[in-house]
Structures are given as C-alpha cells and as structure tokens.
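Input: a single structure, listed below in structure tokens.
What follows draws every value from the coordinates through simple rules; no lab data is involved. In this text, all values refer to a predicted model and were calculated from it rather than measured experimentally. Note: ideal-geometry Cβ built from the backbone for every residue, glycine included; neighbour counts use all protein chains shown.
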Amino acid sequence: MVFAFTEYLMLLITGNSYSEKRLGYAADYCPICRALSPVLVTRIANTSHLYFVPIGTGKTLAFTGKCHHCQTIFPVEAMRYDEIMKHPAEVNALIHCTLPDARSIYSDELKLADRIVKQPASLSQSERDQLLEEPFLIYRERIESVFGGGSKLDKSCGMIAIGTTLLIVLLTYACFFFEKDSVIQQRCIILIPFVLTLGCFTCLIQYARIPGKFVKQRAIPAMVRSLKPLNPSKGELNSILGKLRRSGDKIGKKVKIDHLWNALQ
Ligand SMILES: [Zn+2]
C-alpha cells in the first residue's frame, strides 16, 4: 500500500505524457480528398514532465497532417519535407516549398483519383470495393478513440467553463461588496452553488455530446467527400457498415446508414 502510494506520488511529480506540437504547413496527399492538399503538420511525442512541466522535446512517436479541405487527420512522413511553412498557403506554393516531388511520389494515387472521376467504368470490382471501404477505415480509429473516452474538451465546453468561473467570481465579489446579511448578499451566497452545479452539469452534457458531434460534423462530411465520386448504392454502404459491425468496430454502429445516405444525396 505504502509502495503504491509512493509510486502514485512519483507519477504526480515526474512521469511521461503525450504531447502534440503544431509545426506548421506542408503539402501532402489527402486520402479522403484524393488530392494534394495543404496540411497542418503536428508532431506527437512522449515527453517527460516534472510537476507537469515538460522537460525537453521528448521522443517523437509520429507526425500527423490535418487536411485543410476535409479536416481529416492522417499520418505523414514529415522528415521528407524540404521545410515546413509557418503560415498556410495555396497548395501549389506549398508543394514547391515543402514537397517538390509530391506529384511523382503520389503519381499512382493521383492517376487512380483521375480515373475515378473521368473513367469510373474502368475500375475493377475489387478496386471499387477497396475505394468504397477506404473512408470508413480512415475514420475507424478516430471514432473508436472519441467513443472510447479519448475526446478532448471542445470550444463549447471551454466557453461554459469560462462563463461559469466568471459568474462565480462575480457572485463572490458581490458577496463582499454588498452589506453583510443583506438580501442581495444572501441571494448571491445561494446562487454560487447553483451556478457551479449548473455549469458542471451543462459542461458534462456538452462533453458527452462530443463523440456524436464528431460523427455528424466531421466524419460523415469527410466520408461523403470521398464516397461521392464513386456514386455508391445504399446497399453497398449498408454492406460495408454491416461488415464493420460484425467485426466489432464502433464505426459500424455509430455511423447510421440513413444519415450517411441523406448526406450523400
Ligand atoms: Zn482532405
């Protein structure tokens, strides 16, 4: 017991945590847009901390890129960029500065993307099946993570927390400002726990809604962007979702066929 407590205390004082650092902008191939796009490059590292203050830059675990057009986050090989730009720019300017060989590196992907648009009939059944499945597989892990408790607080939670704190500070100030035992002071004292409870409750509700909002506002629009050029039937989409459900992937349950189908129309 004493050992466990000491270990816990040590973890609070020092330990490792994941950190994300935005490095800037580059051009890379987005598998959802099926095109070269401007991406926001982020370094994910395992960093040691002392009293929650990071020590050093940590060990790099991966680099990710967030597509400017569809907001999809995917792994990138940041080490091959000539440089990473501090500010966003138009894709051709980013290709020139960050990945001049982008068109030859991704020539196969770009040719396939061109065929999808210009000669869809030339796609074999296995190519089509793979392409239809692709956006689901890209979003599978993110959906697994957001529904598995990996959501970060979003803007609405932050706004509620800030609003609640400001209101409590204001009410506390009013308690000292108004005459002792006056009606206003007594009302302020009663209001403080009420505001705190309401703020926490609203924040919790908003937090619980984050995974659903992610599916509706991020995953489905991105999947639609990828699926639309393929003009899938409802049966094809149903079959992919069914397969994912049977393999136990959350995306199979969380993405509703009707929502996806309606967004595609
Ligand atoms: Zn994209």
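Computed values, structure above
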{"read-out": "Euclidean distance of C-alpha centroids, segment 225-265 and segment 118-147, integer Å", "value": "10 Å"}
{"read-out": "Relative contact order %, the chain, counting alpha carbon pairs below 8 Å whose residues are six or more apart", "value": "16 percent"}
{"read-out": "Angle in degrees between helix 2-13 and the longest Cα principal axis of the chain, rounded to the nearest 10", "value": "70 degrees"}
{"read-out": "Per-residue [θ]222 nm for the chain (sum of -39500 (n - 2.57) over DSSP H runs n ≥ 4, rounded to 500)", "value": "-17500 deg cm²/dmol"}
{"read-out": "Rounded if a/c under 1.5, otherwise prolate or oblate - segment 129-254, Cα gyration tensor axes", "value": "prolate"}
{"read-out": "Calculated Rg and Dmax of the chain using C-alpha coordinates, Å", "value": "24.5, 83"}
{"read-out": "Amide H within-cut-off set for Val76, under 5 Å, with H built and near neighbours excluded", "value": "Phe63, Thr64, Gly65"}
{"read-out": "With Cα atoms, 0 to 90° folded angle of helix 234-246 axis to the chain main axis", "value": "60 degrees"}
{"read-out": "Protection proxy ranking, peptides 103-112, 73-82, 24-33, average beta carbon neighbours within 10 Å, highest first", "value": "24-33, 73-82, 103-112"}
{"read-out": "Nearest 10 degrees, 0 to 90: helix 155-177 Cα axis against the chain principal axis", "value": "10 degrees"}
{"read-out": "Segment 114-179: proportion of alpha-carbon pairs further apart than 19 angstrom, %", "value": "66 percent"}
{"read-out": "Hits among lysines - C-alpha to C-alpha of Lys213 under 17 Å, sequence gap 8 or more where chains match", "value": "Lys152, Lys155, Lys250, Lys253, Lys254, Lys256"}
